[in-house]
Amino acid sequence: MEESTTKEKILKEIRNALITKGENPFQDIDFKSDILVDIGDEPEMTFVNKLQENGGNFVYCENEMDFASKIKLLIDDKGWESIYSVDEKLISLLASAGVNVEHSADKFNSQIGGITRCDYLVARFGSVMVSSGLSSGRRMFVFPEVHIVFAFMSQIVNELRDALSNMKKKYEKLPSQITLITGPSRTADIEKTLVMGAHGPKELIVFAVDDM
């Protein structure tokens with residue numbers, strides 16, 4: 001009975017508040033002003049720092065050939081025989097530089113390192129924005145143990161709203177899936193123990209080519 005009475009009191013107060021409207025005491029609030037600290041003139045450094053704070057790795061590349069040579073070094077360091085991709089542009093770029101790229105469907109489940117492009121890099125959070133609009137599809141962002149991202153420095157934007165605004169311009173119709181990747185996959189749901197790669201890649205590496 002007491003619970004019902006308390007509930008009725010709350011509902012009565014809500015009804016009265018809806019019926020009796022007072023003046024807005026916060027009329028001078030500027031809802032369009034920034035509420036976060038200004039990133040400043042160095043979004044590139046902000047992105048790199050935030051990415052590393054989130055457990056990701058950043059590799060700067062002077063040009064596309066420098067990128068391909070550094071991918072070779074990564075493959076050698078990891079002891080991989082090849083790298084996996086379904087992106088035709090990446091396959092062509094890497095293959096022309098002598099990088100062993102696997103892309104057959106029957107090898108998908110056995111891949112360890114997969115490489116994709118991205119839509120944008122969000123400096124505020126050190127996040128990688130990807131979507132189903134990319135030729136890599138949906139699976140490549142979550143399946144490989146090591147997710148390698150090929151990007152250009154010009155894809156770095158300050159805020160999430162900048163990335164979303166650019167997405168509207170980039171695509172005639174927004175992709176059905178837009179995802180922010182912030183560091184490697186992790187969870188602490190099981191006995192509060194941090195586990196890497198529980199729902200996706202254990203490692204995230206962003207290779208950024210300087211095109212600015």
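List of remarks:
- Residue under evaluation Phe67, criteria (1) outside any helix (DSSP H, G or I); (2) surrounded by 17 or more Cβ atoms within 10 Å (Cβ to Cβ), criterion not met: (1)
- Restricting attention to region 134-186 and to residues that are closer than 16 Å to Ile205 by Cβ, out of contact with any His (no Cβ under 9 Å at 6 or more places or on another chain) and of a type in the set (Phe, Trp, Tyr), the residue that is surrounded by the most Cβ atoms within 10 Å (Cβ to Cβ) turns out to be Phe150.
- Residues being at pLDDT 80 or above and surrounded by 10 or more Cβ atoms within 10 Å (Cβ to Cβ) - total across region 187-212: 11
- Unmet requirement for Tyr60, which otherwise passes all of (1) outside any helix (DSSP H, G or I); (2) modelled with pLDDT of 95 or more; (3) farther than 30 Å from Asn158 by Cβ: (3)
- Any hit, region 33-44, residues being within 27 Å of Lys202 (Cα to Cα) and out of contact with any Leu (no Cβ under 8 Å at 6 or more places or on another chain): yes
- Verdict on Lys50 being part of a helix (DSSP H, G or I), charged (D, E, K, R) and either farther than 27 Å from Ile205 by Cα or touching an Asp or Glu at 6+ places or on another chain (Cβ under 9 Å) (or both): no
Residue-wise test of (1) within 27 Å of Met65 (Cα to Cα); (2) touching a Ser or Thr at 6+ places or on another chain (Cβ under 8 Å); (3) in contact (Cβ under 8 Å) with a residue 60 or more places away in the chain; (4) not aliphatic (A, V, I, L, M).
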| position | (1), (2), (3), (4) |
| --- | --- |
| Asp77 | yes, no, no, yes |
| Ser82 | yes, no, no, yes |
| Leu93 | yes, no, no, no |
| Ile112 | yes, no, no, no |
| Ser176 | no, yes, no, yes |
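The values are calculated or read from the model by the stated rules, or taken from the named source; none is laboratory data. Small disclaimer: the values here were computed from a predicted structure and weren't measured. Neighbour counts are summed over all protein chains in view; Cβ atoms, including those assigned to glycine, are modelled from backbone coordinates with ideal geometry.
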